[in-house]
Amino acid sequence: MYLVLQLALRNIWRQRRRNGLVLFAIVVSVGGVFVMNSLARGMEQDFLRFSIENLRGHIKILAPNQLDEPGLQYSIPIDTDLSLLARPEIESWTPRLRSPAVIMSERETRGVEIIGIDPTRESHSFIEDLVVEGEAITDTDDQHLLIGRSLADELKTGLGRRLVVLMTGPDDNAIEIGFRVLGIFKSTTSRYEDAYALTGLSSLQAITGVDGFTDVSVYLEDLATTSEVQATLASQIPELNVVTWEQLDPFTSEMYRFIGFTVYILIVVFLGTLVFGLINALVTAVLVRIREFGMLRVVGMKSRLVVMQVVIECVIIMLLALAIGLAAGLLVIWWIGDGIDLTAFAAGVEAFGMGARMAPHLVVDDFVILGVASVILGLIASYFPARRVIKASILQSLRDG
Amino acid sequence: MSELAVQTTDVTRIYGSEAVPVYALRGVSLSIEVGEFVSIVGPSGSGKSTLLHVIGGLERPTEGEITVGDTVLGSCSDSELTDVRLYKMGFVFQAYNLIPVLSAVENVEFILQLQGIGKRERREHAQEALRAFGLEGLFDRRPSEMSGGQQQRVAIARAVVSKPDVLLADEPSANLDSETTKEFCEYLQHANEERGVTILTATHDPLVMGYTKRQIRLVDGQIAT
């Protein structure tokens with residue numbers, strides 16, 4: 001074995017220019033796949049995060065009929081026992097009162113959703129990250145209105161100005177409420193800025209006369225427990241609707257799955273292409289040494305040792321390239337760690353359910369799969385040149401070399 | 001009666017197709033005794049190299065039987081033939097055929113390494129063989145750093161280091177000038193006389209023939225009487 005390893009290492013060094021080029025090609029491919037995968041995983045996480053933080057949570061408990069007819073007509077009574085949410089899988093939960101509404105300034109009118117929140121419980125939704133100009137909602141009793149910058153611009157209104165909100169009350173009668181805008185928020189996406197107007201939960205309950213909430217968002221410690229927790233909750237509170245984020249947002253759910261699948265397609269396509277190039281380069285590298293291999297067989301080197309030498313040469317190059325490729329990939333990922341700025345395409349990517357920055361996300365399993373797949377491909381790629389060596393007779397090798 | 005190193009019986013080697021057969025050897029029968037230094041001579045295309053190849057187990061005869069020592073080559077598998085070449089034969093070629101990435105001493109050691117001999121012992125044997133062929137001081141040179149004559153001497157050292165039953169040399173002087181050929185032949189003679197190696201060389205170089213004790217003449221694949 002030492003003999004074969006010694007010969008392999010020296011031959012790699014002897015053909016260092018050719019092997020260097022092969023190595024470089026593998027480094028670029030492996031590093032490229034690694035970075036692409038990390039970006040795809042980042043997109044995947046973006047889709048999930050946007051869906052979860054967009055007031056859904058991993059699981060949502062809804063008043064009956066809220067799914068079909070969102071509004072104040074159907075609500076979860078305030079005295080509903082929610083102590084069943086004190087489970088180890090559940091990180092936090094928050095109740096909200098939400099209603100479609102029309103919001104009017106003295107100059108413009110827009111459709112929005114008005115939401116009564118408990119700000120102390122919104123640590124997992126986008127509300128936690130809002131940058132507020134003026135006064136934020138700090139208490140459930142806060143009576144002022146917090147609207148997004150985009151909406152404020154569309155309504156041509158500003159801090160301290162009054163707005164009128166019109167919505168359908170629990171008894172199907174129209175409710176018209178005047179609010180003063182004391183806060184304007186900026187968010188990571190204009191979608192939130194356009195769509196929501198926020199106020200205190202207790203305050204909205206008092207104004208609308210709804211003694212409860214329209215929904216409760218539940219945030220889990222681990223995404224993987226979603227179905228299990230949903231099933232448990234559904235069996236414990238059969239009178240309410242308990243649904244997962246995937247049921248509420250099937251498009252994002254499908255995109256999430258699709259990207260997960262795409263990651264593996266990327267690995268297969270890139271490495272598949274790589275292996276053909278590798279085989280070609282290795283076969284050429286072996287053919288120029290065919291006489292040498294013939295001579296090794298003449299003096300008594302067994303065919304399996306000759307094959308082993310070719311395979312070891314390939315695997316060494318592959319492992320070296322893999323290590324450098326992964327290190328280079330990690331370097332690039334670190335370099336673009338804050339994400340690639342997609343602001344120029346913000347409208348498009350937001351509509352697609354992504355943020356304005358495409359940030360990489362490392363998944364250890366992908367790292368391992370890429371590493372193992374590369375080594376296996378190295379072995380497969382080395383089989384063909386090794387076969388060429390063995391298929392030729394000794395004399396043919398000596399003559400052709 | 002002397003012990004035989006090599007015996008061929010009615011060895012025929014046919015190339016080409018069944019429709020157009022090309023006879024490289026036609027029923028060659030010969031016996032080489034242990035310790036002989038024999039040259040196979042004849043014009044180009046007479047079958048000299050083919051005869052060496054079939055004796056060396058590098059290709060199989062179409063018909064006939066070859067025995068090296070007590071081993072009948074026809075009954076050996078490819079793997080067993082490799083072992084026969086490793087343990088019983090040494091080869092010297094026209095093109096030296098040294099391993100380019102190994103130094104002179106490593107090239108000679110290579111055979112012993114394949115035979116599984118320990119590092120210290122094989123290093124001693126290899127250095128001794130190189131010294132015997134006048135290569136003291138060139139142990140660490142790679143083939144590309146040596147002259148043709150020096151490379152050919154390394155090739156003989158490699159061929160004899162494991163004390164093979166037979167040394168097969170195929171046109172060993174083809175790339176050497178006359179002075180180097182003479183020197184080379186003296187080393188072959190040394191291997192034959194001092195080390196007792198049986199040598200069979202294919203050549204059409206009269207200088208090489210002059211050093212051998214017996215000449216077998218091949219014409220059109222047959223031994224000429």
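Rounded to whole numbers, the Karplus 3J(HN,Hα) couplings from phi for the range B:156-173 are 5, 4, 5, 5, 9, 4, 9, 6, x, 6, 9, 10, 9, 10, 9, 6, x, 9 Hz, using 6.51 cos²θ - 1.76 cosθ + 1.60 with θ = phi - 60°, and x at Gly and Pro.
Rolling a 1.4 angstrom probe over the protein heavy atoms with all chains in place gives the range A:57-248 an accessible area of 43 Å² per residue. Label the range A:57-248 by shape, choosing from rounded, prolate and oblate, from the square roots a ≥ b ≥ c of the eigenvalues of the Cα gyration tensor; if a/c is under 1.5 it is rounded, and otherwise prolate applies when a/b is larger than b/c, oblate when it is not. It comes out prolate by the Cα gyration axes. The label-point distance for A:Thr120 and A:Arg149, in a model that sets each label 7 Å from Cα toward Cβ, rounds to 3.1 nm. Along the range B:111-123 the Karplus relation, 6.51 cos²θ - 1.76 cosθ + 1.60 evaluated at θ = phi - 60°, assigns HN-Hα couplings of 4, 5, 5, 5, 7, x, 7, x, 4, 5, 4, 5, 5 Hz to successive residues, with x for each Gly and Pro.
Name the GluC sites (Glu not before Pro) in the range A:201-270 that are in a loop by DSSP and that have at most 13 other C-beta atoms within 10 Å, would you?
Qualifying residues, ordered by number: A:Glu239.
Could you work out the relative contact order of the range A:57-248? I mean the mean sequence separation of Cα pairs under 8 Å and 6+ apart, divided by the number of residues, in percent.
Values: 435 pairs, mean separation 70.3, N = 192.
So the answer I get is 37 percent.
Taking label points 7 Å from Cα along the Cα-to-Cβ direction, A:Asp68 and B:Ala174 give a separation of 9.4 nm.
Simple spin-label estimate for A:Gln236 and A:Arg17 gives 7.2 nm between the two label positions (7 Å along the Cα-to-Cβ direction from each Cα).
Straight-line reach from B:Lys163: taking Cα to Cα under 17 Å and skipping same-chain neighbours fewer than 8 places apart, the lysines in range are B:Lys88. Where the centre of each part is set by its Cα atoms, how far does the range A:238-316 sit from the range B:72-147, in angstrom? With the range A:238-316 and the range B:72-147 each reduced to a Cα centre, they are spaced 39 Å. Normalised by the number of residues in chain A, the average gap of Cα pairs under 8 Å and 6 or more apart makes the relative contact order 27 percent. Over chain B, DSSP H runs of length four or greater, each weighted -39,500 (n - 2.57), average out per residue to a 222 nm ellipticity of -11000 deg cm²/dmol.
Based solely on its DSSP helices, what 222 nm [θ] is calculated for chain A when runs of n ≥ 4 H residues each add -39,500 (n - 2.57) and the sum is averaged over all residues, nearest 500 deg cm²/dmol? Write down the numbers at each step before the final one.
Numbers: 13 runs with 208 residues, N = 401.
Mean residue ellipticity, 222 nm, calculated: -17000 deg cm²/dmol.
Under 21 Å of direct C-alpha separation, and excluding same-chain neighbours fewer than eight residues apart, A:Lys391 reaches these lysines: A:Lys302.
Would you mind getting me the FRET efficiency between A:Met1 and B:Glu18? Use the beta-carbon distance for r and R0 = 45 Å, nearest 0.05. Walk me through the numbers before you get to the answer.
Numbers: r = 44 Å, r/R0 = 0.99.
Here the calculated transfer efficiency is 0.50.
Over the protein assembly as shown, what percent of the accessible surface lies on carbon and sulfur atoms, probe 1.4 Å? So the carbon and sulfur contribution to the accessible surface is 55 percent. Cross-link partners for B:Lys182 among the lysines, with Cα-Cα distance under 19 Å and sequence neighbours closer than 8 places in the same chain left out: B:Lys213. When only Cα pairs below 8 angstrom with a gap of at least 6 residues are kept, chain B shows a relative contact order of 30 percent. Sort the range B:81-176 into rounded, prolate or oblate with this rule: let a ≥ b ≥ c be the square roots of the eigenvalues of the Cα gyration tensor; rounded if a/c is under 1.5, and if a/c is not under 1.5, prolate when a/b is larger than b/c, oblate otherwise. Here the range B:81-176 falls in the oblate category.
Given R0 = 30 Å, the distance between the Cβ atoms of A:Leu166 and A:Glu135 translates into a calculated FRET efficiency of 0.80. Rounded, prolate or oblate for the protein assembly as shown? Axes are the square roots of the Cα gyration tensor eigenvalues, ordered a ≥ b ≥ c, and the cut-off for rounded is a/c under 1.5. Prolate. Placing a label point 7 Å from the Cα of B:Ser144 along the Cα-to-Cβ direction, the residues of the range B:78-114 whose backbone N falls under 15 Å from that point are B:98-104. Residue by residue, the range B:198-212 carries 3J(HN,Hα) couplings of 6, 10, 10, 10, 8, 7, 10, 9, x, 4, 5, 4, x, 8, 7 Hz when phi is fed to the Karplus relation 6.51 cos²θ - 1.76 cosθ + 1.60 (θ = phi - 60°); x denotes Gly or Pro. Counting Lys +1, Arg +1, Asp -1, Glu -1, what net charge surrounds A:Glu228 among other residues with beta carbon under 14 Å of its beta carbon? Surrounding charge for A:Glu228 is -3.
The values are calculated or read from the model by the stated rules, or taken from the named source; none is laboratory data. Because the structure is a prediction, the values reported are computed rather than measured. Positions of Cβ are generated from backbone atoms using ideal geometry, with glycine treated the same way; all protein chains shown enter the neighbour counts. Note: areas computed on protein heavy atoms with side chains; ligands, DNA, RNA excluded. Shrake-Rupley method; radii C 1.70, N 1.55, O 1.52, S 1.80 Å.
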